[in-house]
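Novice: Okay, here's the structure, questions in a sec.
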Amino acid sequence: MKPTYIITSILITASIATIPVVFSDDDRREYRQQSLGVAAVSNPLYKEECGSCHMAFPPGLLPARSWQKMMGRLDDHFGDNAEISDDNHKVISEFLLSNSADDSRYRRSKKIVSSLDNEDIPLRITETPYFKHEHREIPDRLVKGNPQVNSLSNCNACHSQAEQGLFDEHNIRIPGFGRWDD
């Protein structure tokens with residue numbers, strides 16, 4: 001065998017042996033997150049302020065224009081007054097806009113944005129065409145007729161990892177029904 005073949009074989013073997021080190025557990029988690037979900041909520045103020053009334057929805061579920069409109073009318077936030085201090089408003093708005101679906105590298109966020117027309121400004125995640133498409137086969141009796149779910153906006157009732165930004169179909173468990181598989 002020629003020396004160049006031996007050296008090449010050694011280099012290839014060494015390269016393959018280092019792959020698990022290069023692709024660490026954190027890298028695998030990040031890849032899974034980008035493929036199956038949206039960016040998890042990383043802002044403690046947003047979690048505290050918005051999460052005190054409902055799940056702190058990951059910003060990657062709506063485009064920036066939606067978050068901007070929503071934050072502009074907190075005095076009538078789906079029938080409630082959700083006004084916050086100017087300082088908190090500024091911090092939360094910046095977080096939502098900089099992590100919105102528009103510029104996200106997460107596949108699900110990109111699909112949400114691509115399902116919208118440029119002039120669409122949905123204020124509910126459940127109003128996006130992508131969301132409607134993904135939930136089209138779920139019977140009303142499993143959602144609205146289910147006291148443990150009540151609404152499609154109650155993401156974490158069925159998506160056990162919704163608050164971490166993961167919405168893959170392998171982890172869907174509808175209360176009172178079990179695993180959902182479409």
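Throughout, read-outs are computed from the coordinates displayed, never taken from laboratory work. Predicted model, so just to flag it, every value in this text is computed and none were measured. Cβ placement follows ideal geometry from the backbone for every residue including glycine, while neighbour counts extend to all protein chains displayed.
Novice: Given 0.36 nm per residue, what is the gain on full extension from Asp103 to Ser85 after removing their alpha carbon distance, in nm? Numbers along the way, then the final one.
Specialist: Values: separation 18, 0.36 × 18 = 6.48 nm, distance 2.72 nm.
This chain segment gains 3.8 nm when fully extended.
Novice: Under a 5 Å amide H to amide H cut-off, with H placed in plane at 1.01 Å, what residues pair with Ile172 once short-range neighbours are removed?
Specialist: Amide H to amide H, under 5 Å and 5 or more residues apart or across chains, Ile172 pairs with Trp180.
Novice: Using 0.36 nm times the number of residues separating Asn171 and Glu127, minus their current alpha carbon distance, what extension gain do you get?
Specialist: Full extension of this stretch gives 13.6 nm more.
Novice: In terms of Cα to Cα distance under 22 Å, which lysines are near enough to Lys47, apart from those fewer than 8 places away along the same chain?
Specialist: Lys69, Lys90
Novice: Give, to the nearest whole percent, the P(r) tail of the stretch 136-182 beyond 17 angstrom, counting all Cα pairs.
Specialist: 23
Novice: Could you calculate the FRET efficiency of Ser52 with Arg141 from 1/(1 + (r/R0)^6), where r is the beta carbon distance between them and R0 is 35 Å, rounded to 0.05? Before the final figure, lay out each step's value.
Specialist: Numbers: r = 30 Å, r/R0 = 0.87.
FRET efficiency, Ser52 to Arg141: 0.70.
Novice: Among the lysines, which fall within straight-line cross-link reach of Lys111, defined as a Cα-Cα distance under 17 Å, with same-chain neighbours fewer than 8 residues apart omitted?
Specialist: Hits, sequence-local ones excluded: Lys132.
Novice: Ordered by residue, what ³J(HN,Hα) values in Hz, to whole numbers, does the stretch 103-117 give under the Karplus form 6.51 cos²θ - 1.76 cosθ + 1.60, where θ = phi - 60° and Gly and Pro are x?
Specialist: After applying 6.51 cos²θ - 1.76 cosθ + 1.60, I find 10, 6, 9, 8, 4, 5, 4, 4, 5, 4, 5, 5, 7, 9, 7 Hz.
Novice: Each residue of the stretch 86-95 in order: what ³J(HN,Hα) in whole Hz does its phi give by Karplus 6.51 cos²θ - 1.76 cosθ + 1.60, θ = phi - 60°, with x for Gly and Pro?
Specialist: 3J(HN,Hα) across the stretch 86-95, in whole Hz: 4, 4, 5, 4, 5, 5, 5, 4, 4, 4.
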